[in-house]
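Asks: First, the structure itself, so that you have it in front of you.
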Amino acid sequence: MVQKTCDLPGRNMVSTKKHYLVINASHFANSNTERFCRLFEQNLEAVSSLRIELRKKNIPFADGTYRLPRDKVLEQLRQQVLDCDGMFIATPTHWFSAPGRLKAFIDHLTPIEAKLWKRERLLGLAVYAPEGGELGVFQSVVPALSHMGFSLVGNGYAYRRSRRKSEQWVAKEIKGMAKRFSR
């Protein structure tokens with residue numbers, strides 16, 4: 001959280017500006033999940049955000065030892081997560097679960113779990129699941145991040161299975177997430 005103090009005499013105010021990470025876990029540019037990210041970012045009010053395109057990061061699979069590998073990309077990602085007030089994750093499904101790169105990203109946060117618990121962070125999740133599996137993504141992402149101190153914002157989970165108008169409610173849900181993040 002960025003804090004700015006007021007330098008006016010007699011005023012002791014602290015204003016805070018929240019900072020959020022927007023994670024795109026798709027392997028492709030101009031994907032449905034990228035559209036979810038843009039929709040979320042466009043509806044954030046009075047906050048800052050940073051988009052992380054996981055497809056552009058070389059994230060190795062975690063070895064399960066929870067050691068901190070000396071990797072500049074991982075160190076930078078961990079610091080960005082520590083500095084944020086919450087994350088919005090947009091992801092497609094891969095065989096009824098989250099993509100391996102997203103799982104590896106979350107696994108590499110484990111060494112900083114104790115630091116993450118020092119304050120609550122918000123979490124929002126939007127899933128593109130044209131063949132189903134949206135609950136598998138939820139089960140592989142939300143419990144792990146919840147265990148690290150992230151709290152799913154109210155109505156913080158949305159998914160879309162197709163482009164049919166009957167499923168366009170996901171846009172409304174993502175806009176609502178952004179408004180709740182902005183409070």
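The values are calculated or read from the model by the stated rules, or taken from the named source; none is laboratory data. These numbers come from a predicted model, not from an experiment. When we count neighbours, we look across all protein chains shown, and the Cβ atoms used for this are built from the backbone with ideal geometry, even at glycine. To get the accessible areas, we keep the full protein, side chains included, count just its heavy atoms, and leave off ligands, DNA and RNA. Shrake-Rupley method; radii C 1.70, N 1.55, O 1.52, S 1.80 Å.
Asks: How about region 98-143: which of its residues are crowded, with 19+ Cβ neighbours inside 10 Å and in a loop (DSSP other than H, G, I, E, B)?
Replies: Of everything in region 98-143, those that are crowded, with 19+ Cβ neighbours inside 10 Å and in a loop (DSSP other than H, G, I, E, B) turn out to be Ala98, Pro99, His108, Leu109, Ala129, Gly133.
Asks: Can you pull out every residue in region 17-46 that is part of a loop (DSSP other than H, G, I, E, B), within 17 Å of Val127 (Cβ to Cβ) and either open to solvent by less than 60 Å² (accessible area, probe 1.4 Å) or without any contact (Cβ under 8 Å) to a residue 12 or more places away in the chain (or both)?
Replies: Passing the criteria: Ala25, Ser26, Ser31.
Asks: With the requirement that a residue be at pLDDT 95 or above and open to solvent by less than 50 Å² (accessible area, probe 1.4 Å), what does region 50-68 give you?
Replies: Within region 50-68, Ile52, Glu53, Leu54 meet the criteria.
Asks: Contact list please: Cβ distance under 8 Å, first residue in region 144-162 and without any contact (Cβ under 8 Å) to a residue 24 or more places away in the chain, second residue part of a strand (DSSP E or B) and open to solvent by 50 Å² or more (accessible area, probe 1.4 Å), pairs at least six apart or on different chains.
Replies: Within 8 Å, the pairs are Ser146/Leu152.
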